[in-house]
Amino acid sequence: MSRIGRRSFIRTAGVVGATAALASCSTDSESGSAAPASTGALSGTATLTTWGTEQEQAAFQKIAADFQAQRGAEVRIEVLPYDQIRTVVDRRLQAGEPPDLFRVSYTDVGSYASSGALADLTDFMPSDFGDQFLPALWGAVLNENRPFGVPHHTDTSALAYNKAHFEAAGITSVPTSLEEAWTWEEFVEVLEQLRDADLDAAPFAFNYQLFGAYRWFNTLYQAGGTVLDENLEAVTLDTDQARRALEWTRGLYTDGLHEPSVLVQRPTYPDEIFPTQKISMIQTGDFLIPYLEETIGSTFEWGVTYLMRDEGEAADLGGNAVVVTEEAPNKAVAAEFAKFLVSAENMKYYCEQATVLPVRNDLVETELEFAVRPELLPIFQQQAATIPEKLVQESTSRAFAGINQALIDNMDSYLADPDSDTDGVIEALTGAIERALQG
């Protein structure tokens, strides 16, 4: 059993300082009371399109069955591969054949809402509904102070490592607290030990792939850099900090410390390779703990430690919202299921089964009985406290889908080539992000 502390988790959500920057996170009511439960009978069927591990799928199915038992309407759970869901949903939206609901990262809510693809849920919710959630994550589903989804959970990244490989390489200890986290220089020394141990495995791989490309901003922020200015209107990548972050990342690839096939633009995910023992350590999210534990089984022992640090510490804002589409065939059922999904009981159940962190105020101090490797969750919880408030603001801005796409389009050729031009990639990223801001 793992206890989720309120203080560190509220810091995770960027409540202090981020609240004012993320549109407006206040509601019309100051009562703070929970939204009243809806109990009326419903009819028809709605479809929720999602991706997910087996544990996540099972949790969605169980909650959908409970909803049908209580309200009468059916919710079908459609599961797509992670790397296909955005393409499929976008195609259906363009064709006027959208799912009723779909799962989406906080980083993409703003762009979908601004395009008119999502339903404004104001009329489906009491005015104080948002008071139930951590303010910054409620703010992430707002557009012009109106809700276009519900916050479902959050997560972040840490380092998973193969204990046998560490022992073979003579690495006798790993950081056991944030204060002991490896510096960049110490981290490189660890990777060099793994490389030189001839383990028939790449020392390391980042989880920067496709829709997760924005996780490179962990490295940027660790170096003291930023993506946008304080007003979220101008790109701030033309700095020594950004150059250092880019060149340090590229050095891992070109010095044989990073798995070369794991880049940004292709769906080659480190968590799928780590169980084969072809990578000794990966950056990964807490939501993948059940998958890793099941896949690895008794093959080898593995553990988790904290992300590396440089000028500062930084981790990514993970997690997802659930949104209702504007042209949903059964919008009323979809809206009611969205609210049902994030009730205290259902959010607690989902987080325990999926090994992710809750975003309701009444759950952040609740003891959760995580289903798999509960001893690892405090590491992710503590790591989440290093998410910079500024990065929360950038990650939930309306332009963030375009910002992430800029990384997808420009990072691979830079990382794979030791002679690539750092100023050139900064110029390319800056231009692409400026276009995203204007769009």
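Here, each number is a calculation from the coordinates, and none is a lab measurement. Worth saying up front: this structure is predicted, and the values here are computed from it rather than measured. Here Cβ is always computed from backbone atoms with ideal geometry, including for glycine, and neighbour counts include all displayed protein chains.
Computed from backbone phi with θ = phi - 60° and the Karplus coefficients 6.51, -1.76 and 1.60, the 3J(HN,Hα) list for the range 249-261 is 4, 4, x, 4, 5, 6, 9, x, 9, 10, 4, x, 7 Hz; x is used for glycine and proline. Using the Cβ-Cβ distance between Ala65 and Asp421 with R0 set to 51 Å, the FRET efficiency from 1/(1 + (r/R0)^6) comes to roughly 0.40.
The packing ranking, built from the mean of other Cβ atoms within 10 Å per residue, places the peptides 290-297, 336-343 in the order 336-343, 290-297, highest first.
For the pair Glu367 and Ala332 in one chain, pulling the backbone fully straight at 0.36 nm per residue adds 9.3 nm over the alpha carbon distance. Using θ = phi - 60° in the Karplus curve 6.51 cos²θ - 1.76 cosθ + 1.60, the 3J(HN,Hα) couplings for the range 242-248 round to 5, 4, 5, 5, 5, 5, 5 Hz; x is entered for Gly and Pro. A cut-off of 5 Å between modelled amide H atoms, ignoring neighbours fewer than 5 places along the same chain, links Asn143 with Phe148.
Dipole check for the range 253-296: with +1 at the C-beta of Lys and Arg, -1 at the C-beta of Asp and Glu, and the Cα centre as origin, the magnitude is about 180 Debye. Taking every C-alpha pair closer than 8 Å and separated by at least 6 residues, the mean separation divided by the residue count of the chain gives a relative contact order of 29 percent.
Ordering Gly256, Ser111, Ala385 by the projection of their Cα atoms onto the charge dipole of the chain, which places +1 on the Cβ of Lys and Arg and -1 on the Cβ of Asp and Glu, puts Ser111 at the extreme positive end. Working from Cα pairs under 8 Å separated by at least six residues, relative contact order for the range 166-315 is 36 percent. Close amide H pairs (under 5 Å, H built 1.01 Å from N) link Ala46 with Glu74, Val75, Arg76, residues at least 5 positions away or on another chain.
For Leu307, the residues whose modelled amide H falls within less than 5 Å of its own, excluding neighbours fewer than 5 places apart on the same chain, are Leu159. ³J(HN,Hα) across the range 151-166 via Karplus (A = 6.51, B = -1.76, C = 1.60, θ = phi - 60°), whole Hz, x for Gly/Pro? Running phi through 6.51 cos²θ - 1.76 cosθ + 1.60 with θ = phi - 60° gives x, 9, 6, 9, 7, 8, 9, 8, 10, 9, 9, 8, 5, 5, 5, 4 Hz.
Across the chain, how many lysine pairs, 8 or more positions apart or on different chains, have C-alpha atoms separated by under 20 Å? Please give the number.
5
Take every DSSP beta bridge with both residues inside the chain and express the antiparallel ones as a percent of the total, to the nearest 5.
70
Each residue of the chain gets 128 Å³ once the volume of the Cα convex hull is shared out per residue. Using alpha carbons only, the radius of gyration of the range 262-332 set against its Kirkwood radius gives Rg/Rh = 1.11.
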